[in-house]
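> Structure in structure tokens, see below.
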Amino acid sequence: MSTSAKSSSKKPRSFFSRLNARYPWLKIIAFLYLSFIVILDLLGLTISRTDNLSDDFPTTPMSKHVKATDRVLKDKKLVALTFDDGPSSTTTPELLDILRDKNALATFFVLGNMANNNPDIVKRAEREGHEIESHTMYHQNLIRTSYEGIKNDIGEAKSVLSSILKHPPTLTRPPYGNYDDRVFELTGTPLILWSVDTEDWKSRDAASVVAIVTQQAYDGAIILLHDIYPSTVEAIPAIIDNLRANGFELVTVSELADNRHIKLSAGESYYGF
Ligand code: NI
């Protein structure tokens with residue numbers, strides 16, 4: 001504050017020193033007021049920095065609680081990209097980065113044993129708005145597995161996912177798309193198959209995967225992909241761009257069903273909506 005405030009001179013005193021002499025508490029008030037302003041400013045800066053950070057590293061670009069109907073999907077055709085057999089410690093994080101950067105949602109049918117090895121990737125995928133469902137524990141061909149075998153496999157996958165996500169999976173994709181009445185009974189969930197098969201596991205060719213999705217996508221399609229192949233992850237940016245250029249938006253399987261007012265039921269299988 002004013003240096004003259006400390007002056008003990010009897011010469012004509014400045015306005016501030018007279019003020020200080022008469023109201024010594026004024027400078028405390030002024031100090032508190034200025035501190036308050038500075039603190040508010042710092043808080044403001046902190047908040048805006050957090051905002052910027054969350055733009056760079058969005059933890060919840062679209063929460064899983066936000067339904068398709070709440071998002072801007074008017075006049076859009078919808079498709080669900082689904083990724084099986086992961087998560088992989090290398091390709092899945094790359095895929096999640098791409099989906100985040102493009103603000104696109106997908107559904108992951110994870111294997112329990114893969115999820116067990118990569119629980120943080122599973123958590124991240126869900127945190128970023130994707131749907132995480134069961135593709136069983138060990139990818140057995142369930143129609144050639146004993147009743148007890150199916151029961152154990154499904155049960156193990158459910159328990160692994162429940163422990164990672166703190167809730168059980170609500171949908172199951174049977175390996176190879178094979179199922180029978182025992183699978184319906186023992187999963188106790190709707191079965192989700194697919195209507196567009198990219199055969200990405202066979203071609204291992206990004207251009208081919210892009211071409212198949214772009215040509216075969218239709219409103220309500222469920223598209224089968226595998227996030228464990230680098231060629232598939234490589235195809236995703238072009239797939240998303242092409243789909244959007246053709247008027248599609250990407251949603252999760254549950255969002256797609258919800259958008260079509262279809263209540264998914266245990267004991268039913270779904271290939272598309
Ligand atoms: Ni599979």
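> For a Förster distance of 41 Å, can you work out the FRET efficiency between the beta-carbons of Q216 and N113, rounded to the nearest 0.05?
My answer for the efficiency is 0.85.
> Of K102/K263; K74/K202; K102/K123, which sit over 26 Å apart, Cα to Cα? Please list the in-between numbers first.
Details: K102/K263 29 Å; K74/K202 36 Å; K102/K123 19 Å.
From the list (K102/K263; K74/K202; K102/K123), the Cα-Cα distance tops 26 Å for K102/K263; K74/K202.
> What is the extension gain from Y33 to S146, computed as 0.36 nm multiplied by their sequence separation minus the C-alpha to C-alpha distance, in nm to one decimal?
Working: separation 113, 0.36 × 113 = 40.68 nm, distance 7.60 nm.
Computed gain between Y33 and S146 is 33.1 nm.
> In whole angstrom, how long is each semi-axis of the equivalent ellipsoid of the range 69-127, when you take the square root of 5 times every eigenvalue of its Cα gyration tensor and sort them from largest down?
24, 12, 10
> Tell me which GluC sites (Glu not before Pro) from the range 243-273 have a DSSP coil assignment and no more than 16 other beta carbons within 10 Å of their own.
The qualifying sites are E268.
> Here is a further query. Once label points are set 7 Å from the Cα along Cα→Cβ at both K74 and Y23, what is their separation, rounded to one decimal in nm?
Simple spin-label model gives 5.7 nm for this pair.
> Remind me, relative contact order of the range 77-167 in percent, using alpha carbon pairs under 8 angstrom and six or more residues apart?
It comes to 29 percent, rounded to a whole number.
> Leaving out ligands and nucleic acids, note down the accessible area per residue over the range 72-125 with a 1.4 angstrom probe, in whole Å². Walk me through the intermediate numbers first.
Working: 2100 Å² over 54 residues.
Heavy-atom SASA per residue in the range 72-125 reads 39 Å².
> Report, largest value first, the span of the C-alpha coordinates of the range 140-273 along each principal axis, in whole Å.
Dimensions of the range 140-273 along the principal axes of its Cα atoms: 45, 34, 28 Å.
> For K27, give me every one of the aspartates and glutamates with a C-alpha distance below 12 angstrom, ignoring sequence neighbours fewer than eight places off in its own chain.
none
> Something else now. Given a Förster distance of 22 angstrom, what is the FRET efficiency for A207 paired with R127, based on the Cβ-Cβ distance and rounded to 0.05?
Here the calculated transfer efficiency is 0.10.
> As an exercise, find the ratio Rg/Rh for the range 146-198 from alpha-carbon atoms, using the Kirkwood inverse-distance average for Rh.
0.99
> Further, regarding this structure: Taking the range 169-273, which trypsin sites (Lys or Arg not before Pro) meet the DSSP loop condition and have no more than 12 other C-beta atoms within 10 Å?
K263
The values are calculated or read from the model by the stated rules, or taken from the named source; none is laboratory data. No experiment lies behind these values; they were computed from the predicted model shown. All Cβ positions, even for glycine, are placed from backbone atoms using ideal geometry, and neighbour counts span all protein chains on display. Heavy atoms of the whole protein, side chains included, go into the accessibility calculation; ligands, DNA and RNA do not. Shrake-Rupley method; radii C 1.70, N 1.55, O 1.52, S 1.80 Å.
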